[in-house]
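Comments concern the structure below.
The values are calculated or read from the model by the stated rules, or taken from the named source; none is laboratory data. Because the structure is predicted, anything quoted here is derived from the model rather than measured. As a convention, Cβ positions derive from the backbone with ideal geometry for all residues, glycine included, and neighbour counts pool all protein chains shown.
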Amino acid sequence: MNNSTLSNKLSKYSIILGSQSPRRKELFAGLNHPFRVEVREIDENFPVQMSAFEVPEFLAIQKAIPFKDDFKKNDLLITSDTIVLIDNQILGKPLDYKHAFEMLQLLSGRKHMVITGVCITTTNKQVTFSDRTDVFFKSLSVDEIDYYLTHYQPYDKAGSYGVQEWIGYVAIEKIEGSYFNVMGLPIQRLYDELLKF
């Protein structure tokens, strides 16, 4: 089933989602428009002096670069990157259990920000934007953090948690901004940007 509004706007494009994230795939699939998933590896480093707020868009753009040599005229590529930010410190994906535990202890009882940068690329146009969401965690006990890490192993997630998992149910007191942005893709904003193409 196609979304007729989006399908009419994008009928000439073959959409590529440049992400291996199952959450992003699930969210984009919710728009009911055909797409395929392709992923190219990049070095996810960024300039040391760069503002943390600029990092997600910068990395989203970097993720589009490896596609440019075999990009076809009707291709439309969507790439993105999500960070968790607290005390102006970027929390990426944890290295191991200990690292994940330390991240969740840092988030416990506090507000943090989730920022997702998105890059939409065609052969003659590139649009980037980012979306920010404030997330408020209750104070987490050692047992709660251990339970979550042991049963869900969120080592592929920025900030060591998935909002749609158990920890989202028990730890998040409120969210200001897009819930789906915290999952990894600000899908409503992306939909509006795609309608402009």
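Quick notes on this one:
- Within the option set Asp131, Asp146, being touching a Lys or Arg at 6+ places or on another chain (Cβ under 7 Å) and modelled with pLDDT of 95 or more holds for one residue only, Asp131.
- Conditions (1) crowded, with 17+ Cβ neighbours inside 10 Å; (2) more than 12 Å from the chain's Cα centre (by Cα); number of the one not met by Asp70: (1)
- Checklist (1) hydrophobic (A, V, I, L, M, F, W, C); (2) over 13 Å from the mean Cα position of the chain (by Cα); (3) over 21 Å from Phe35 (Cβ atoms) applied to Phe197, failing item: (3)
- Region 139-155 residues that are among the β-branched types (Val, Ile, Thr), paired with ones that are at pLDDT 95 or above (beta carbon under 8 Å, 6 or more apart): Ile145/Phe101; Ile145/Leu104; Ile145/Gln105; Ile145/Ser108
- Per-region count, region 3-50, residues in contact with a His (Cβ under 9 Å, 6 or more places away or on another chain) and more than 18 Å from Asp192 (Cβ to Cβ): 0
- Residue satisfying all of: in region 155-197; among the small types (Gly, Ala, Ser) and crowded, with 22+ Cβ neighbours inside 10 Å; farthest from Thr123 (Cα to Cα) among these: Ala171
- Near pairs, Cβ below 6 angstrom, 6+ apart or cross-chain, from region 162-180 (under 12 Å from Ser108 (Cβ atoms)) to any residue that is of a type in the set (Ser, Thr, Tyr): Ile167/Tyr148; Ile167/Tyr161
- Spans of strands (runs of 3 or more DSSP E) in region 1-93 with at least 1 residues within 27 Å of Gln105 (Cβ to Cβ): 75-86, 89-91
- Residue in region 129-142 that is farther than 21 Å from Ile86 by Cα and surrounded by fewer than 16 Cβ atoms within 10 Å (Cβ to Cβ) present: no
- Candidate set: region 1-47, residues that are of a type in the set (A, V, I, L, M) and under 17 Å from the mean Cα position of the chain (by Cα); chosen: the one nearest to Gln62 (Cα to Cα): Ile42
- Hey, Ile120 closer than 19 Å to Ser21 by Cα, at pLDDT 95 or above and in contact with a Pro (Cβ under 7 Å, 6 or more places away or on another chain) or not: no
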